[in-house]
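First up is the structure itself, then whatever we jot down about it.
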Amino acid sequence: MRPSLTIRGWTVVAVVLVAVAMSQWFGPRALNAVVVPLGVVLLAGLAAVVRADRPYVDRHPVPDGFIGEHRRVEVAIESGGPIAATVRDTVGEGLSATEGPIAETTLEGDETVAYDVQLERRGDKRVGPLSIVVRDILGLVERPFEYEETTPALVYPYVRDLGRGSATDLQALTGLADRHDQREFDYLREYRHGDSLRDVHWKSAAKRPGDELTIVEYADDEKGSTVTIAAECLPHGFDGATDRGSTDRVDEMAAAAASVVTYLLERGTTVGIALPNESRPPGAGRTHHRELLRLLALAKPGELPERTRRDADVLVRTEADETTIVVEGREIPFDRLRGSDRSEEARRAHRELTGRDDGNDRGTGSSPRTTT
């Protein structure tokens, strides 16, 4: 865009005009003493800004996170020469800047502008676009540069700690996690690296302590070791994506599904998920857990096909007034399953995924203790 005068620049122009007018009464010396220096400064500032190259901007990725966490936003700026500038970034809906996303700086070679944002709502949020306004050293002339690129900031849903729920209700989920213990025995084989210790035949190991460990294989191993979770948010009564109530209900569905996913993965279960517009095959481990959380971060309202509901081991169903967990035909209200304390969220997922514990409960829920 073209250079323009700042308020300070227009003030200089006003002073020059007044000086020209005063010279009519006091002679040309007044003109030389005031107008010439100011004119030189103004022209020099205009030349400096016109000659300034467009800065090169490189936005760094923003890591995924849970609601309530903070993430660092960094923008690397490369300029052709030293020049004063104001860097202004835009923080999208669902995020809030903990400090102003505006920096007054001098661009000289490579410069990195950084600030923190707080993650406030589930979903694919955006940081940007960015603008840079360069000025001459006295701030008389400015020239804006606009950058349309944005950076995604994916926010996971809440993961509720189901350990506070009813023991009877939790037993329904625990039964799914432990049902491989009830499968039909097939044969024993030698232990191989990567086998789960849950499948070690400990009676054989106790009888022959000097021998290699043996693993139990079951006739229905693939079916018995897998739990499929189907989740839907029925759109009836919602006015599309513009209705805040619809957004809240989808957030509740995503939180319920994420909580069940985490609970089962913690217990060594292989978990898959089916949503109205997306699905993931069964898997285990921290990487798989993050993939499921990313999927649920982007979940939208919709109904599942009847066959998907029927084949799922767990159905998470959110309607206008309630979210229900259906396990083997038994309907459990999600509020009852996670207990009555809505305010305190466990920090284990945050600690497991980031490797640190900041001592704050920030809606991160329980963590995956699964291993890859």
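The table for this structure:
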| quantity | calculated |
| --- | --- |
| Any hit, the range 98-109, residues being of a type in the set (A, V, I, L, M), modelled with pLDDT of 90 or more, assigned to a strand (DSSP E or B) and within 30 Å of LEU46 (Cβ to Cβ) | no |
| Residue list for the range 328-346, restricted to those being modelled with pLDDT of 80 or more and over 13 Å from VAL316 (Cα atoms) | ARG336 |
| Members of the range 44-61 that are under 19 Å from SER131 (Cβ atoms), in contact (Cβ under 8 Å) with a residue 40 or more places away in the chain and either in contact with an Asp or Glu (Cβ under 7 Å, 6 or more places away or on another chain) or surrounded by 15 or more Cβ atoms within 10 Å (Cβ to Cβ) (or both) | VAL49, ALA52, PRO55, VAL57, ARG59, HIS60 |
| Check on VAL35, surrounded by 14 or more Cβ atoms within 10 Å (Cβ to Cβ) and either over 20 Å from the mean Cα position of the chain (by Cα) or of a type in the set (Asp, Glu) (or both) | yes |
| Selection within the range 119-158 - part of a loop (DSSP other than H, G, I, E, B), in contact with a helix residue (DSSP H, G or I) (Cβ under 9 Å, 6 or more places away or on another chain) and either surrounded by fewer than 21 Cβ atoms within 10 Å (Cβ to Cβ) or modelled with pLDDT of 95 or more (or both) | ARG121, ILE137, LEU138, GLY139 |
| Qualifying residue in the range 74-85 (condition: of a type in the set (D, E, K, R), out of contact with any helix residue (DSSP H, G or I) (no Cβ under 7 Å at 6 or more places or on another chain) and not in a helix (DSSP H, G or I)) | yes |
| Residues of the range 307-332 satisfying the condition of being assigned to a strand (DSSP E or B) and of a type outside the set (Val, Ile, Thr) | LEU315, ARG317, ARG330, GLU331 |
| Failed item in (1) modelled with pLDDT of 85 or more; (2) of a type outside the set (D, E, K, R); (3) not assigned by TED's automatic domain parsing to the domain that holds GLY139, with VAL41 passing the rest | (1) |
| Residues (surrounded by 20 or more Cβ atoms within 10 Å (Cβ to Cβ) and modelled with pLDDT under 75) located in the range 159-175 | GLY165 |
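The values are calculated or read from the model by the stated rules, or taken from the named source; none is laboratory data. Model, not experiment: these values are computed from the prediction. Here Cβ is always computed from backbone atoms with ideal geometry, including for glycine, and neighbour counts include all displayed protein chains.
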